[in-house]
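Contents: one structure, followed by commentary.
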Amino acid sequence: MNTEKLRACLKQIESLIADCLEAMGEQAPAVGARRKPRSQNGVGIASPAKPDLNLPFRPFMHKYARDLSGSEKFTLILAHLVRGDFKSEAKLEAVIKAWGRMKGPLGKFNLAHPTRAKDRGWVDSPRTGVYVLRPSWTEIIRAKE
């Protein structure tokens, strides 16, 4: 079968699939739409979690902090404050102040949150009252997806 004929057959198959999906009430994917990467065995490849740290604080917390524990919320706030940079430090007071701006959705701040986040390896504290992110903090986002 030559290339031209093969392309024509594929176009016809694509059209039939679109008609079937439309009849079922689903939208057909756009031609040339990007698909999730797949491994050799057909199982999807997990992409690394990359939260949008450039979002303003409130939308960022609404998008990522739903149904999370206090230590996970603490870690997300810290991540937003330092923009995901592992070398940047943030003071506990800055995290508490940011938490206070979202008291409704986040609830009351508890000083156990930073300790539990540190115990889980998401943050570290080089000095009293100062926190830095650790690379494992993205587990929070991956677990949520």
Is it fair to say Ser71 is surrounded by 12 or more Cβ atoms within 10 Å (Cβ to Cβ), touching a helix residue (DSSP H, G or I) at 6+ places or on another chain (Cβ under 6 Å) and either at positive phi or modelled with pLDDT of 90 or more (or both)?
yes
Kindly provide the set of residues from segment 88-145 that are β-branched (Val, Ile, Thr) and either farther than 16 Å from Tyr64 by Cβ or at pLDDT 90 or above (or both), ordered by number.
Val95, Ile96, Thr115, Val123, Thr128, Val130, Val132
Which residues, counting only those in segment 84-111, are more than 20 Å from Arg127 (Cα to Cα) and without any contact (Cβ under 8 Å) to a residue 40 or more places away in the chain?
Trp99, Gly100, Lys103, Gly104, Gly107, Lys108, Phe109
If you go through segment 96-145 one residue at a time, how many are β-branched (Val, Ile, Thr) and touching a strand residue (DSSP E or B) at 6+ places or on another chain (Cβ under 7 Å)?
3
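Table: residues versus (1) under 15 Å from the mean Cα position of the chain (by Cα); (2) of a type in the set (S, T, N, Q); (3) part of a loop (DSSP other than H, G, I, E, B).
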| residue | (1), (2), (3) |
| --- | --- |
| Asn54 | yes, yes, yes |
| Met61 | yes, no, no |
| Arg66 | yes, no, yes |
| Glu72 | yes, no, no |
| Thr75 | yes, yes, no |
| His80 | yes, no, no |
| Phe86 | no, no, yes |
| Ala94 | no, no, no |
| Lys97 | no, no, no |
Going through segment 103-145 in order, the residues found to be assigned to a loop (DSSP other than H, G, I, E, B) and more than 14 Å from Leu76 (Cα to Cα) are Gly107, Lys108, Asn110, Leu111, Thr128, Gly129, Glu145
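The values are calculated or read from the model by the stated rules, or taken from the named source; none is laboratory data. All figures in this text were calculated on a predicted structure; none of them were measured in a lab. Cβ atoms come from the backbone with ideal geometry, glycine included; neighbour counts cover every protein chain shown.
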